1. Out of all the residues in the stretch 62-76, which are under 15 Å from Glu119 (Cβ atoms) and free of Cβ contacts under 8 Å to residues at least 40 places away in the same chain?
2. Hey, among the residues in the stretch 92-111 that are part of a helix (DSSP H, G or I) and without any contact (Cβ under 8 Å) to a residue 24 or more places away in the chain, which one's farthest from Arg50 (Cα to Cα)?
3. Out of everything in the stretch 79-91 that is in a helix (DSSP H, G or I) and in contact with a helix residue (DSSP H, G or I) (Cβ under 9 Å, 6 or more places away or on another chain), what residue ends up being farthest from Ser59 (Cα to Cα)?
4. Out of all the residues in the stretch 48-69, is one or more part of a loop (DSSP other than H, G, I, E, B), modelled with pLDDT under 90 and of a type outside the set (Lys, Arg)?
5. Read through the list (1) of a type in the set (Ser, Thr, Tyr); (2) in a helix (DSSP H, G or I); (3) surrounded by fewer than 18 Cβ atoms within 10 Å (Cβ to Cβ), then give the number of the only condition that Thr73 fails.
6. Of the numbered conditions (1) β-branched (Val, Ile, Thr); (2) part of a helix (DSSP H, G or I); (3) modelled with pLDDT of 90 or more, Thr34 satisfies every one except a single condition; which is it?
7. Restricting the first residue to the stretch 77-88 and requiring it to be within 16 Å of Arg50 (Cβ to Cβ), which pairs with a second residue that is at pLDDT below 90 and surrounded by fewer than 17 Cβ atoms within 10 Å (Cβ to Cβ) meet a Cβ separation below 9 Å and a spacing of at least six or different chains?
8. Do we have Thr44 as at pLDDT 55 or above, within 25 Å of Trp137 (Cβ to Cβ) and not small (Gly, Ala, Ser) here?
Amino acid sequence: MTTATLAIAAPAQNAPSPFVVPRRGCGLEELLATHTAWMQLPSTYADLLRQVHELTGWSFRDIAEVVGTSHTTVGKLANGAVPTSRSADAAERLEPMLDVLTRISRLVAPGSDLAAVLEQPAAGGETPREVLRFGEWSRALLAAMDVINGPRPGRPQLRPGVRHERATRELH
């Protein structure tokens with residue numbers, strides 16, 4: 001875990017009004033303590049892999065298949081190794097993948113298995129896991145939402161004889 005220590009200085013005399021710290025004995029430390037929320041962010045690939053495993057129950061082989069590398073590379077990253085030039089792309093895919101998996105896990109009913117949701121085909125026939133393999137994070141989230149909530153309704157049909165026009169026009 002990487003932490004940073006900020007030096008606390010007195011408020012600037014001519015600071016713009018949104019940044020003025022109240023002068024009634026409230027220091028910057030107290031202001032931050034009472035008016036901010038802190039969260040712990042994963043700082044290593046090992047942390048990211050651990051969280052992916054906790055959410056999905058996937059093995060190193062499963063994770064490797066989704067991020068596009070070998071299970072030995074995933075194992076090395078899980079043990080704290082630095083990504084090589086060959087594995088850098090796969091390692092960089094871990095964070096957005098975890099973000100999507102976290103969002104999907106919030107939609108899954110309590111007691112349901114996230115991995116099972118990711119294996120069910122969506123309306124287009126692809127599973128969310130297959131879409132994750134292509135790195136299409138938004139489509140994977142939509143596919144999972146289709147699995148969880150059912151497919152999205154189609155575009156409403158216009159009455160017969162009504163002309164379809166584009167919503168926007170090109171600028172000249």
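1. Going through the stretch 62-76, the residues under 15 Å from Glu119 (Cβ atoms) turn out to be 62-63, 65-66.
Scanning the stretch 62-76 gives Asp62, Ile63.
2. Taking the stretch 92-111 and keeping what is part of a helix (DSSP H, G or I), we get 92, 94-107.
Then drop every residue that is not without any contact (Cβ under 8 Å) to a residue 24 or more places away in the chain, which leaves 92, 106.
On the way: Glu92: 15, Arg106: 18 Å.
If we take residues in the stretch 92-111 being part of a helix (DSSP H, G or I) and without any contact (Cβ under 8 Å) to a residue 24 or more places away in the chain, then Arg106 is farthest from Arg50 (Cα to Cα).
3. In the first step, residues of the stretch 79-91 are kept if they are in a helix (DSSP H, G or I); the result is 88-91.
From the residues that got through so far, the ones that are in contact with a helix residue (DSSP H, G or I) (Cβ under 9 Å, 6 or more places away or on another chain) too are 89-91.
On the way: Asp89: 20, Ala90: 16, Ala91: 16 Å.
It comes out as Asp89.
4. Narrowing the stretch 48-69 to residues part of a loop (DSSP other than H, G, I, E, B): 57-59, 68-69.
Checking which are modelled with pLDDT under 90 leaves us with none.
For the stretch 48-69, residues part of a loop (DSSP other than H, G, I, E, B), modelled with pLDDT under 90 and of a type outside the set (Lys, Arg): absent.
5. (3)
6. So the condition that Thr34 fails would be (3).
7. Leu77/Thr44; Gly80/Thr44
8. Numbers: at pLDDT 55 or above: yes; within 25 Å of Trp137 (Cβ to Cβ): yes; not small (Gly, Ala, Ser): yes.
So Thr44 fits the description; yes.
The values are calculated or read from the model by the stated rules, or taken from the named source; none is laboratory data. Nothing here was measured: the structure is a model prediction, and the numbers come from that model. Positions of Cβ are generated from backbone atoms using ideal geometry, with glycine treated the same way; all protein chains shown enter the neighbour counts.
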